[in-house]
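Just below is one structure, and these are the notes that go with it.
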Amino acid sequence: MNDRRRFLAKAGRTMAAAAAVAHAETPNVIAQPRVQWRMSTTWTPALDVTQGAAERLAKVVEEMSDGRFRIEVFPGGQIMAPFECFEATSNGTIEAFMGAAYYWTAREPAVEWFATIPFGLDPQAMAVWYYYGDGLKLWEETYAPFNLVPRLGPGFAPQMGGWFRRKINTIADFKGLKMRMGTGLGGRVISRAGGTTVLTPAAEIYRAFERGVIDAAEWVGPHDDLTLGLQNAARYYYFPGWHEPGTVAEFVFNKKAYDVLPADLKRILDLAASAAQVHGFMDYQAKNVIATERLRTEYKGKVELVQFPAPVLRDLKKMATEVIHAQAESSPMARKVHASFTKFQGRLGPWDSIAQGAYHQFLKA
């Protein structure tokens, strides 16, 4: 009888231990939530760096979450028109989009500063303002009424000044010019100079040249511009990109979808956005080097790289100052963001001049 009792007691302890192990392991297998999102971008599939940044974000999220969190990425035009993604994410039709903040300036004037402004910060400084200044806080405040959560995307700047069918020798040469331009503030500067601007999705720029809708266009820089075939549309390729010196993209999430994520998936998503931001910016720089070499060799005699004359840049900067001031007064949020941005740019300037400015001046000497 004692042996039988000892056997039953031992068997009971073994079963209890096994049950405890099973209970401890089971939540890791079946209790973790699985999340499926859709992200639409404003980019054509041909734009491998920007579209690739969205795909990188999705890949990192899936790998870091061990498959618990998947984001299906669609280029602009596949499940909706490129510029419909803001509204679709805002109302929860999709959970996320990737674009550039200045596309939405008609909704809130303050968004311009979260992409770029004429003669503003460069991409590195934009990231510093975002992470260590007021950039992130103000961006979240600006997008909150739209039920959106923004995160910094890769910088695609410094940009080029654009493709022109005729030379720009003085500010008067902008009179009557029809130009594709992405940034609203840059477009308003062109308007002050006597030209007109249109906002055309990337995939339609070359066709707009062909139809005579535009005389000039800017997109980003050599790599993307060659991908779009703009070297076959106009001869004169101007620099610097005064209108977009520090352009950054954005990853934007539906607030309700973001808020209900478990803490670890939320952290993974934020880290993946940071990773895509860094890799995307470096990817652009590397590919622009190669594309610039192609312009100087393969397209020699067909394309001219031309620097804007200094008097033209001075006139554009004066007009830009007036345009930016007017934009800053167009809404309370714009006034608030402009004040932060301007203060940060003023504080950064002296250090930038001492460090990078002096160094690059020496290398040019």
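The values are calculated or read from the model by the stated rules, or taken from the named source; none is laboratory data. The shown structure was predicted, so the numbers you read here are calculated from the model rather than taken from an experiment. Reconstructed Cβ throughout: ideal geometry from the backbone, glycine too, with neighbour counts over all protein chains shown. The area values use the complete protein model at the heavy-atom level, side chains included, leaving out ligands, DNA and RNA. Shrake-Rupley method; radii C 1.70, N 1.55, O 1.52, S 1.80 Å.
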Pick from the stretch 34-80 the residues that are of a type in the set (A, V, I, L, M) and at pLDDT below 95: which of them is farthest from the chain's Cα centre (by Cα)?
A46
The one condition E112 fails out of (1) open to solvent by 10 Å² or more (accessible area, probe 1.4 Å); (2) in contact with a Gly (Cβ under 9 Å, 6 or more places away or on another chain) is (1)
Unmet requirement for D270, which otherwise passes all of (1) out of contact with any helix residue (DSSP H, G or I) (no Cβ under 6 Å at 6 or more places or on another chain); (2) under 30 Å from K318 (Cβ atoms); (3) surrounded by fewer than 23 Cβ atoms within 10 Å (Cβ to Cβ):
(2)
So, first residue closer than 12 Å to A249 by Cα and touching a residue at least 60 places away in the same chain (Cβ under 8 Å) in the stretch 105-116, second residue open to solvent by less than 10 Å² (accessible area, probe 1.4 Å) and small (G, A, S), Cβ within less than 6 Å, six or more apart or across chains; the pairs are F114/A101; A115/A100; A115/A101; T116/G246
Within the stretch 294-332, how many residues are open to solvent by 30 Å² or more (accessible area, probe 1.4 Å), within 24 Å of F146 (Cβ to Cβ) and either charged (D, E, K, R) or touching a helix residue (DSSP H, G or I) at 6+ places or on another chain (Cβ under 6 Å) (or both)?
2
Taking the stretch 39-50, which residues are open to solvent by less than 10 Å² (accessible area, probe 1.4 Å) and farther than 17 Å from P150 by Cα?
W43, L47, V49
When residues of the stretch 59-84 are limited to those that are touching a residue at least 60 places away in the same chain (Cβ under 8 Å) and in a helix (DSSP H, G or I), the one most open to solvent (accessible area, probe 1.4 Å):
M64
Would you please list the contacts, defined by Cβ atoms under 8 Å and residues six or more apart or on different chains, that run from a residue in the stretch 322-337 that is closer than 18 Å to L138 by Cα and modelled with pLDDT of 95 or more to a residue that is buried (at least 17 other Cβ atoms within 10 Å of the Cβ) and of a type in the set (D, E)?
Q327/E112; S331/E108; M333/E108; A334/E108; A334/E112
If I go through the stretch 118-168 residue by residue, how many of them are surrounded by fewer than 22 Cβ atoms within 10 Å (Cβ to Cβ), under 15 Å from G186 (Cβ atoms) and under 15 Å from the mean Cα position of the chain (by Cα)?
1
Which one of these does R165 not meet: (1) under 21 Å from A276 (Cα atoms); (2) touching a residue at least 12 places away in the same chain (Cβ under 8 Å); (3) not aliphatic (A, V, I, L, M)?
(1)
